[in-house]
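J.: Sending over a structure as structure tokens; questions will come in a sec.
The values are calculated or read from the model by the stated rules, or taken from the named source; none is laboratory data. If you're wondering where the values come from, they're calculated on a predicted model, not measured in any experiment. Cβ placement follows ideal geometry from the backbone for every residue including glycine, while neighbour counts extend to all protein chains displayed.
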Ligand SMILES: [Zn+2]
Ligand SMILES: [Zn+2]
């Protein structure tokens, strides 16, 4: 296997799944061998980092501004590669991913490595970690070192350093003790304020704790106080803040008071939130929700500013536990207890004037509201989803074992397509079922996607790489695949829009010039005089055909139930699957019938859908085993 192929494998797998999931599924040693033998820069270094840094305010002082997407298996956020690098060019801090105290690197050795390209202002080593941070005077210096050292073999055969940009999340000593005192003197707290809970002042706009939102049409008189400008200017000049805040909430905490865990409402404020601590240090706790839950306590010294953005702002909750003292580290690294004093926090935020489009839909009120509205205004979507869930997804989950027993012999022309792929091809099997088309060609990298987790685990148990996911959208990067097969899948989608969208998704997954083979069930089960194997001679469609299936499960749908092994009389229908609890043919009696939704394609329909989807050309189209089939090629990019 060439290095290029190894890199491709690594890149693609890393983009699909998080490191933890890959290690879980792959032989760990084999994986490590791949990494060791690959000399090109690898994006999994960033991933390792993500996992090492389980904090949004990594090691309390630095944050790595990854742009991430989601692991389809465990929903962990993953970094994308190239775009993220572009976006990070503005940073002055570089993290050395594979060199730190635990790998035998010293501050001096790191400084020495940078010196020929740009002098570093400081190096920050992290106890017990295999990475460290280098700060430069400006972004140009950081860029020079990045270009000179990142992924480049060292002298005397030393391994290369792998670098990534980072930014500072906690800015200590933002203001002087005199300025702090001055500001505290400017704040006027209502005399009758209850001392039981923390006291609050609002500037710019009132924050409504009932709705957890602000009304942008009702600015408060006076705006932000003049002294806020000074702090904002410092943060912006230092490159920590992108936009000027227009709202400030001031909280007054007595020792023993805190604030419950929350994520600041997405629709109310933009990306960056600033929290400035005055009067006393405190400890803020950050929590990432399951499945990769984590809690990280971050010490906020007085006169410091904490900037939360990206994942730390949108996904992690933050809180201050109501306590009188916190466990802290002394300067010589020992644990001790520190009593809290009275703390005043300034929270600076900017009102959002559009809707939030963050990458965390679960936490996002903007996106949840939009989805709810879509559902209301478009009842169709709801019915379509329900139909596919009830008559496709749920059924396959229930019949998976029996279904798998009946599916072992690959169709010859599909097998020929897979076997004919050039060595090193990346093949995606959309709707892979039990994986009967995986493993036919030992020279390809294959991943199967199926929405039935039961079928995926049957395939996984046979040694195939499978991902439980639907086909809208596909869990892959754009242009990641050399070939896609999608056999007997699209006919389970309930509307033409969705069938076309699924073809477009396959096109997105393919690289330019990449090929796809698509099979869908045909309305026409006869070609000339030949009947497909599905038809049973002499069997007639029963008279009950136009009635709906008995039982409550289909009562609300006016869909006909098809009589198995007869000719199709319509395109949309429910097709029964008979499941005998005692196994295949055994037991006798107690037969369960499950109905699967099918849309059988008439001649020419699949080609029409391909045309609507766009970007794909039909190389070949034919009738095979009662299916309409097309071989597609993704068009070259037209610049
Ligand atoms: Zn908050
Ligand atoms: Zn959001």
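J.: Only one of 479, 512, 483, 494 is in contact (Cβ under 8 Å) with a residue 12 or more places away in the chain, more than 15 Å from residue 631 (Cβ to Cβ) and not in a loop (DSSP other than H, G, I, E, B); which?
T.: Exactly one residue qualifies, and that residue is 512.
J.: Tell me, please, whether a residue that is outside any loop (DSSP other than H, G, I, E, B), assigned by TED's automatic domain parsing to the domain that holds residue 273 and modelled with pLDDT of 90 or more can be found in the stretch 298-305.
T.: yes
J.: To continue, here is another question. Report whether or not residue 391 is modelled with pLDDT of 90 or more and in contact with a strand residue (DSSP E or B) (Cβ under 9 Å, 6 or more places away or on another chain).
T.: no
J.: Name every residue in the stretch 536-566 that is modelled with pLDDT of 70 or more and surrounded by 17 or more Cβ atoms within 10 Å (Cβ to Cβ), in order of residue number.
T.: 559, 560, 561, 562, 563, 566
J.: Among 458, 383, 485, which is the only one that is more than 28 Å from residue 534 (Cβ to Cβ), over 21 Å from the mean Cα position of the chain (by Cα) and surrounded by 14 or more Cβ atoms within 10 Å (Cβ to Cβ)?
T.: 383
J.: Here's something else I'd like to know. Could you tell me whether residue 166 is surrounded by 12 or more Cβ atoms within 10 Å (Cβ to Cβ), in contact with a helix residue (DSSP H, G or I) (Cβ under 9 Å, 6 or more places away or on another chain) and part of a strand (DSSP E or B)?
T.: Working: surrounded by 12 or more Cβ atoms within 10 Å (Cβ to Cβ): yes; in contact with a helix residue (DSSP H, G or I) (Cβ under 9 Å, 6 or more places away or on another chain): yes; part of a strand (DSSP E or B): yes.
Yes; evaluated as a whole, the condition is true for this residue.
J.: Right, another one. Given the criteria away from ligand 2 (no atom under 16 Å from the Cβ), buried (at least 16 other Cβ atoms within 10 Å of the Cβ) and outside any helix (DSSP H, G or I), does residue 345 qualify?
T.: yes
J.: Identify all residues within the stretch 568-596 that are in contact with a strand residue (DSSP E or B) (Cβ under 7 Å, 6 or more places away or on another chain) and either modelled with pLDDT under 70 or in a loop (DSSP other than H, G, I, E, B) (or both); write none if there are none.
T.: 571, 581, 591
J.: Another one. Would you point out the residue of the stretch 306-319, among those that are assigned to a strand (DSSP E or B) and over 16 Å from residue 260 (Cα atoms), that is farthest from ligand 1 (Cβ to nearest atom)?
T.: Ranking the qualifying residues of the stretch 306-319, first place goes to 307.
J.: What residue, among those in the stretch 262-283 that are more than 16 Å from ligand 2 (Cβ to nearest atom) and within 29 Å of residue 219 (Cβ to Cβ), is surrounded by the fewest Cβ atoms within 10 Å (Cβ to Cβ)?
T.: 279
J.: Among the residues of the stretch 597-639, write down those that are more than 27 Å from residue 567 (Cβ to Cβ) and outside any loop (DSSP other than H, G, I, E, B).
T.: Those that are more than 27 Å from residue 567 (Cβ to Cβ) and outside any loop (DSSP other than H, G, I, E, B): 611, 612, 613, 616, 617, 619, 632, 633, 634.
J.: Please return the ranges of helices (runs of 4 or more DSSP H) entirely within the stretch 355-473 where 3 or more residues are in the same structural domain as residue 505 (by TED's automatic domain parsing) and under 27 Å from residue 562 (Cβ atoms).
T.: Output list reads 394-405, 412-419, 453-461.
J.: Also, I was wondering about something else. Residue 215 passes all but one of (1) under 14 Å from residue 276 (Cβ atoms); (2) outside any loop (DSSP other than H, G, I, E, B); which number fails?
T.: (1)
J.: Still on this structure: Being out of contact with any strand residue (DSSP E or B) (no Cβ under 9 Å at 6 or more places or on another chain), in a loop (DSSP other than H, G, I, E, B) and within 13 Å of ligand 1 (Cβ to nearest atom), is that true of even one residue in the stretch 272-291?
T.: no
J.: Another question, then. Right, residue 349: more than 21 Å from residue 502 (Cα to Cα) and either assigned by TED's automatic domain parsing to the domain that holds residue 579 or in contact (Cβ under 8 Å) with a residue 60 or more places away in the chain (or both) or not?
T.: It is true that residue 349 is more than 21 Å from residue 502 (Cα to Cα) and either assigned by TED's automatic domain parsing to the domain that holds residue 579 or in contact (Cβ under 8 Å) with a residue 60 or more places away in the chain (or both).
J.: Given the residues 204, 239, 223, which is the only one that is in contact with a helix residue (DSSP H, G or I) (Cβ under 8 Å, 6 or more places away or on another chain), assigned by TED's automatic domain parsing to the domain that holds residue 271 and on the phi > 0 side of the Ramachandran plot?
T.: 239
J.: Just to be sure before I move on: is residue 401 touching a helix residue (DSSP H, G or I) at 6+ places or on another chain (Cβ under 8 Å) and surrounded by fewer than 16 Cβ atoms within 10 Å (Cβ to Cβ) in the structure I sent? Before you say what the answer is, go through the steps one by one.
T.: Working: touching a helix residue (DSSP H, G or I) at 6+ places or on another chain (Cβ under 8 Å): yes; surrounded by fewer than 16 Cβ atoms within 10 Å (Cβ to Cβ): yes.
Criteria met by residue 401.
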